[in-house]
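The values are calculated or read from the model by the stated rules, or taken from the named source; none is laboratory data. Keep in mind that this is a model prediction, so the values were computed, not measured. Note that we place each Cβ from the backbone using ideal geometry, even for glycine, and neighbour counts take in every protein chain shown. For the accessible areas, the whole protein counts, side chains as well, though only heavy atoms, and no ligand, DNA or RNA atoms are used. Shrake-Rupley method; radii C 1.70, N 1.55, O 1.52, S 1.80 Å.
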Amino acid sequence: MSIGLNVEKITKEEINTSTNEALNNLREIIPVFKDKFIPGCSNNNFYSPSENTCWTNGFHTGMYWLAWELTGDATFKNAANVHVDSFLHRIENEIEVDNHDMGFLYSLSCVAAWQLVGNETGKRAAILAADKLISRFHEKGGFIQAWGELGAPDNYRLIIDCLLNMPLLYWATEVTGDEKYAKIAKIHTATSVANLVRDDFSTYHTFYFDPETGEPTKGVTAQGYKDSSPWARGQAWGIYGLALSYHYTRDPKCIDLFYKITDFFIERSPSDGIAYWDLMFKDGDGEPKDSSASAIAGCGMLEMAKYLPKEEAEKYTNIAKQIAGALARNYTPNPKESNGLLLHGVGVKSSPYNPWGDSGVDECNVWGDYYWLELLVRLSHDWDMYW
């Protein structure tokens, strides 16, 4: 079946214009934020400086590194290096690091710093973060626990987002020579692939295991509409996570599942090409979009396209360009509207079936901003990723 979006692909001129707008925006926030961080979500489309305590802070630093690569402007490099010092302080003092988000935090900030400019502080911080991440690994079940007290029955689970944290472990094996990091990453990935994809190729956000036996028990949502619905950002994490998993493992199961969960995402994208916050919703349902989900998915399609046969690579590359075109034309702000880069994201949306309240609904979010800039970078040149 031939699938695609009814949206014009982004043009080279639009890539250049959108990139310059994003860079100008980032330049303007540096003297305001200084050693502080963009929070997870904006308030009325504007961010205020926050401390380095959130799972999202690495995306801010990652944008600085992308901007430095694009421009060579030392202002961006210097701002990123200030953040790197903060990340070392955070991991050494164990400030809000009892979770699985070490890759989100340390790959884009500290691995990037080591990779790009040989920052030894970044290398040290990232290795410590990798150690923290593998400390959450459970032999029973074969997974890294996402949240909560280790081993607690009500949190004995993994989540699909964690596929994006595995590159930190492969990197740690590369720089230390210790295979334990990559071994755990491979086991966690295999467990995720085996349990997180439903029969219709939608994905669970999170999956529980029996703490006594390690047997898989049930898949549920934490941020989607309900346990049986396809949370859009979770599906996007799966798309990009499988691309990264294939990059490191060359496991053909990753490509097979990539086709299936990516086509599910595309088939349920609405008329303008940008996903609603849960893929069960359609035009006319009155639900908010999540631009970040589509930006993440686009990055994943471009990464996996490197490894696909020509026809399939062109198909997913073109769809990523269609997503980028939709975002460039209808989801980017002018400076008077926002100090973010991408409008109409969703942090957390409540529903009758999940316990969360609304947070960052129809706002900018820092991961959406980051993936939008990464998508533009991927479309403009051959990028050596930080993941």
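Listed here are the residues, each with its yes/no results for (1) more than 18 Å from the chain's Cα centre (by Cα); (2) at negative phi.
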| site | (1), (2) |
| --- | --- |
| Thr56 | no, yes |
| Gly72 | yes, no |
| Ala79 | yes, yes |
| Ala113 | yes, yes |
| Leu128 | yes, yes |
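A quick yes/no check of all residues on (1) touching a Pro at 6+ places or on another chain (Cβ under 7 Å); (2) farther than 18 Å from Val111 by Cβ; (3) crowded, with 22+ Cβ neighbours inside 10 Å:
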{"residue": "Ala152", "(1), (2), (3)": "no, yes, no"}
{"residue": "Leu158", "(1), (2), (3)": "no, yes, yes"}
{"residue": "Asp161", "(1), (2), (3)": "no, no, yes"}
{"residue": "Met166", "(1), (2), (3)": "no, no, yes"}
{"residue": "Thr173", "(1), (2), (3)": "no, no, no"}
{"residue": "Lys186", "(1), (2), (3)": "no, yes, no"}
{"residue": "Ser202", "(1), (2), (3)": "yes, yes, yes"}
Counting only residues that are in contact with a strand residue (DSSP E or B) (Cβ under 9 Å, 6 or more places away or on another chain) and basic (Lys, Arg), which one in region 119-150 is farthest from Tyr106 (Cα to Cα)? Lys140
Looking only at region 9-27, decide whether some residue is in contact with a Phe, Trp or Tyr (Cβ under 8 Å, 6 or more places away or on another chain), free of Cβ contacts under 8 Å to residues at least 40 places away in the same chain and either more than 18 Å from Leu375 (Cα to Cα) or surrounded by fewer than 21 Cβ atoms within 10 Å (Cβ to Cβ) (or both). no
For Asp369, all conditions in the list (1) modelled with pLDDT under 95; (2) closer than 30 Å to Gln115 by Cα hold save one; what is the number of the exception? (1)
Could you count how many residues in region 342-352 are in contact with a helix residue (DSSP H, G or I) (Cβ under 8 Å, 6 or more places away or on another chain) and open to solvent by 20 Å² or more (accessible area, probe 1.4 Å)? 1
Residue list for region 58-83, restricted to those being in contact with a helix residue (DSSP H, G or I) (Cβ under 8 Å, 6 or more places away or on another chain) and β-branched (Val, Ile, Thr): Thr61, Thr71, Thr75
Whichever residue in region 45-69 is open to solvent by 60 Å² or more (accessible area, probe 1.4 Å) and in contact (Cβ under 8 Å) with a residue 40 or more places away in the chain and, among such residues, is farthest from Glu120 (Cα to Cα): Phe46
Residue in region 353-363 that is of a type in the set (A, V, I, L, M), buried (at least 22 other Cβ atoms within 10 Å of the Cβ) and touching a Gly at 6+ places or on another chain (Cβ under 9 Å) present: no
Among (1) open to solvent by less than 10 Å² (accessible area, probe 1.4 Å); (2) not in a helix (DSSP H, G or I), where does Gly325 come up short? (2)
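One line per residue, one yes/no per condition, for (1) in contact with a helix residue (DSSP H, G or I) (Cβ under 6 Å, 6 or more places away or on another chain); (2) assigned to a loop (DSSP other than H, G, I, E, B); (3) open to solvent by less than 60 Å² (accessible area, probe 1.4 Å); (4) more than 20 Å from Leu343 (Cα to Cα):
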residue: Gly238; (1), (2), (3), (4): yes, no, yes, yes
residue: Leu257; (1), (2), (3), (4): yes, no, yes, yes
residue: Pro270; (1), (2), (3), (4): no, yes, yes, no
residue: Ile274; (1), (2), (3), (4): yes, yes, yes, no
residue: Phe281; (1), (2), (3), (4): no, yes, yes, no
Residues in region 364-386 that are over 24 Å from Leu105 (Cβ atoms) and either acidic (Asp, Glu) or open to solvent by less than 20 Å² (accessible area, probe 1.4 Å) (or both) total 1
Report the residue count in region 240-250 for those that are open to solvent by 60 Å² or more (accessible area, probe 1.4 Å) and either under 16 Å from Tyr204 (Cα atoms) or not in a helix (DSSP H, G or I) (or both). 1
